[in-house]
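The structure appears right after this line, and notes come after that.
The values are calculated or read from the model by the stated rules, or taken from the named source; none is laboratory data. Note that the coordinates shown come from a computational prediction; the quantities given were computed from them, not determined experimentally. In this analysis, Cβ positions are derived from the backbone assuming ideal geometry, glycine residues included, and neighbour counts consider all displayed protein chains. Just so you know, the surface numbers come from the protein's heavy atoms only, side chains and all, with ligands and any DNA or RNA stripped out. Shrake-Rupley method; radii C 1.70, N 1.55, O 1.52, S 1.80 Å.
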Amino acid sequence: AYERRFPTCPLIPMFVASDTVNEYKSEDEAIHVIERRCKLDIDAPRLLKKIAGVDYVYFVQKNSLNRRERTLHIEAYNETFSNRVIINEHCCYTVHPDNEDWTCFEQSASLDIKSFFGFESTVEKIAMKQYTSNIKKGKEIIEYYLKQLEEEGITFVPRWTPPVACKLESSTTHTRRPVSPAINIPDSATKEGLNNKEILNTSSSPSEPTAGTPDDKLDADYIKRYLGDLTPMQESCLIRLRQWLQETHKGKIPKDEHILRFLRARDFNIDKAREILCQSLTWRKQHQVDYILDTWNPPQVLQDYYAGGWHHHDKDGRPLYVLRLGQMDTKGLVRALGEEALLRYVLSINEEGLRRCEENTKVFGRPISSWTCLVDLEGLNMRHLWRPGVKALLRIIEVVEANYPETLGRLLILRAPRVFPVLWTLVSPFIDDNTRKKFLIYAGNDYQGPGGLLDYIDKEIIPDFLGGECMCEVPEGGLVPKSLYRTAEELENEDIKLWTETIYQSASVFKGAPHEVLIQIVDASSVITWDFDVCKGDIVFNIFHSKRAPQPPKKDSLGAHSITSPGGNNVQLIDKVWQLGRDYSMVESPLICKEGESVQGSHVTRWPGFYILQWKFHSMPACATTNLPRVDDVLASLQVSSHKCKVMYYTEVIGSEDFRGSMTSLESSHSGFSQLSAATTSSSQSHSSSMISR
């Protein structure tokens, strides 16, 4: 279809003609390279053409078709005025790595105007205009020629095969599509993993399905049933992000529905979605959020005085949460429980919401990924604007926004009193724009009229306190007795206890100031295990051994305190006068770990003594997966320190007699994640005396 553009294309009026200047075909016909000189009639002011002394502009275009790899690369550059203006364009057609029925298209270009008779800005505008118009037409043109081929009866082109092909017969593989010839893959390649292109070219069997999800991740029925309407671009973003997670978070892959929430929250910008998703996965792991419903029982005060609860579902099948905020004594709850207990309770509500969405998806037979919240403000007054209470509310909003994006389908605010605009002014800046669009606010009894509650909730389940017939079991709230209030000191101790119920520790790593952990080994053949996440920046992980103990550590409180995690420490153990090879030795090869990676591993100790685990700064924090920096990443790098990294880690020593499995194949049992995952699988790679898995 693409070749039909030449020698000229009626759909591109500016493309006047083209001549073939060079052509090459390999003997096996796998490679076909053709170079053309293209004549373009640029839509530019007549005066500019007269000054430049040209009526047409010539470009050289080189098309490289590789039938073996199933790719088409298109390169173009300007021949006219090449000493004044440099234009380079690159396009690429490839087969999608997960679905052979899809074709991927990528396009990029660069423009460098050195000088142009004083009309540099005009030329830039013309070039940008022409380029953007061509981009818009690109899909339309290729579809035009595809349709033309179909009308001629050409709907299928056989896949290229070598001139002398060996047919591989298999009694177990059944496929309707022609397959590539089988290629022997070395065991080492299988262990280390292959990139998408290698997998596509060398594997003739379908990839194994992810546990806990339908076999065909791209099956149309699966998408419609569990994910909803997605464009091909959105499906591709989901697959690419999931694949990146599989490579860096072995056994810790959230379900597609959850990954999709983060993509939607960032308008399917993969780099931005990846960043917030990694931060959320680390946060969940650190605070054991996956187990909150099973391991945490809300205090009785919350059960009695927190005026909120789940109540059936709305007309769209979304779980419905009712919150009688106006009847709730927020000041009393904060004074009796503290900010952390309230936050934890809200997190448990969100976790229950995720569970109910999955249940309703099964019940209604269509994807339900969010819930509806009904907030009754009857009784809201200045007491609710108590400053510590508002501060707690803002913190809760911030944590929920960061870790449960796109879970709120609709927010119905009823009976808003005069004091509500004051509260809204304080709260609204902390709410994402996409979330804010889902708010519907009703004053007085407006919710009973047209466009009110009945448009969203069936009459049979409207709560009794709103004039409905359904008995609502949500607690009525009321004032919390002052006898239940606790002192600020008691609350502070309780808060620390709540958020330190984790086996993980946080550490900050600076340029020139690594973080080090000392482990003393008495018996040789013990096993040191570790599990850490690189929360920010890139680090180098090292393991050292010394026969003598280092000096007591110098500890600095350098923690970057954030709203979602405790501060990180920085501890340095290796004295600056120590020499590697004399005072201590390296027992493992350095491991470079990128931002967002999760690493688990083990080392079998050969000698007793002192082992030091070290996380050291490495280059700049990685903000993107692409080779070229994006504008957003450059701006982000200017806003944060480029000399600071952050890790969250857990270490343990296991005696050889207690070690589960062989010494060189540790089954990680401390990664602590995830019920968001469809299935948590153990993943290990063994090396001579250690194991490291990402």
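Condition check ((1) open to solvent by 40 Å² or more (accessible area, probe 1.4 Å); (2) touching a strand residue (DSSP E or B) at 6+ places or on another chain (Cβ under 6 Å); (3) not acidic (D, E)) across all residues:
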residue: L394; (1), (2), (3): no, no, yes
residue: N403; (1), (2), (3): no, no, yes
residue: D433; (1), (2), (3): yes, no, no
residue: L453; (1), (2), (3): no, no, yes
residue: C472; (1), (2), (3): no, yes, yes
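Scoring F268 on the criteria (1) open to solvent by 10 Å² or more (accessible area, probe 1.4 Å); (2) at pLDDT below 90 leaves a single failure, condition (2).
Any idea which of F59, F6, F81 is open to solvent by less than 60 Å² (accessible area, probe 1.4 Å), touching a Ser or Thr at 6+ places or on another chain (Cβ under 6 Å) and in the same structural domain as E120 (by the TED database)? It is F6.
Of the strands (runs of 3 or more DSSP E) lying entirely inside region 556-634, those containing at least 3 residues that are hydrophobic (A, V, I, L, M, F, W, C) and modelled with pLDDT of 85 or more are 591-593, 609-617.
Yes/no matrix, rows are residues, columns are (1) assigned to a strand (DSSP E or B); (2) more than 16 Å from E406 (Cα to Cα); (3) open to solvent by 10 Å² or more (accessible area, probe 1.4 Å):
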position	(1), (2), (3)
R284	no, yes, no
Y291	no, yes, yes
H312	yes, yes, yes
A336	no, yes, no
L343	no, yes, no
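Only one residue in L393, L454 is assigned to a helix (DSSP H, G or I), out of contact with any Asp or Glu (no Cβ under 8 Å at 6 or more places or on another chain) and at pLDDT 90 or above, so which one is that? Among L393, L454, only L454 is assigned to a helix (DSSP H, G or I), out of contact with any Asp or Glu (no Cβ under 8 Å at 6 or more places or on another chain) and at pLDDT 90 or above. Among residues of region 113-140 being under 25 Å from S64 (Cα atoms) and either open to solvent by 70 Å² or more (accessible area, probe 1.4 Å) or not assigned by the TED database to the domain that holds K62 (or both), the one that is modelled with the highest pLDDT is E140. Within region 290-340, being of a type in the set (K, R) and farther than 25 Å from G379 by Cβ holds for K315, R318. Within region 453-479, the residues that satisfy the criterion of being closer than 23 Å to V301 by Cα and over 37 Å from the mean Cα position of the chain (by Cα) are F465, M471, C472, E473, P475, E476, G477, G478, L479.
Taking each residue of region 233-246 that is open to solvent by 20 Å² or more (accessible area, probe 1.4 Å) and looking for partners that are of a type outside the set (A, V, I, L, M) with beta-carbon atoms closer than 6 Å, six or more apart or interchain, yields Q234/F268. Would you confirm whether or not region 518-529 contains a residue that is of a type in the set (D, E, K, R) and either modelled with pLDDT of 90 or more or surrounded by 15 or more Cβ atoms within 10 Å (Cβ to Cβ) (or both)? The answer is no; no qualifying residue exists.
Looking across region 14-56, the residues that are basic (K, R), surrounded by 14 or more Cβ atoms within 10 Å (Cβ to Cβ) and without any contact (Cβ under 8 Å) to a residue 40 or more places away in the chain come down to R36, K39, K49.
Within region 444-466, the residues that satisfy the criterion of being among the aliphatic types (A, V, I, L, M) and under 28 Å from Y404 (Cα atoms) are L453, L454, I457, I461, I462.
Could you list, in sequence order, all residues of region 114-166 that are part of a loop (DSSP other than H, G, I, E, B), farther than 28 Å from S26 by Cβ and in contact (Cβ under 8 Å) with a residue 24 or more places away in the chain?
K114, S115, F116, F117, F119
E100 meets all of the listed conditions (1) at pLDDT below 85; (2) surrounded by fewer than 11 Cβ atoms within 10 Å (Cβ to Cβ); (3) of a type outside the set (S, T, N, Q) but one, namely (2).
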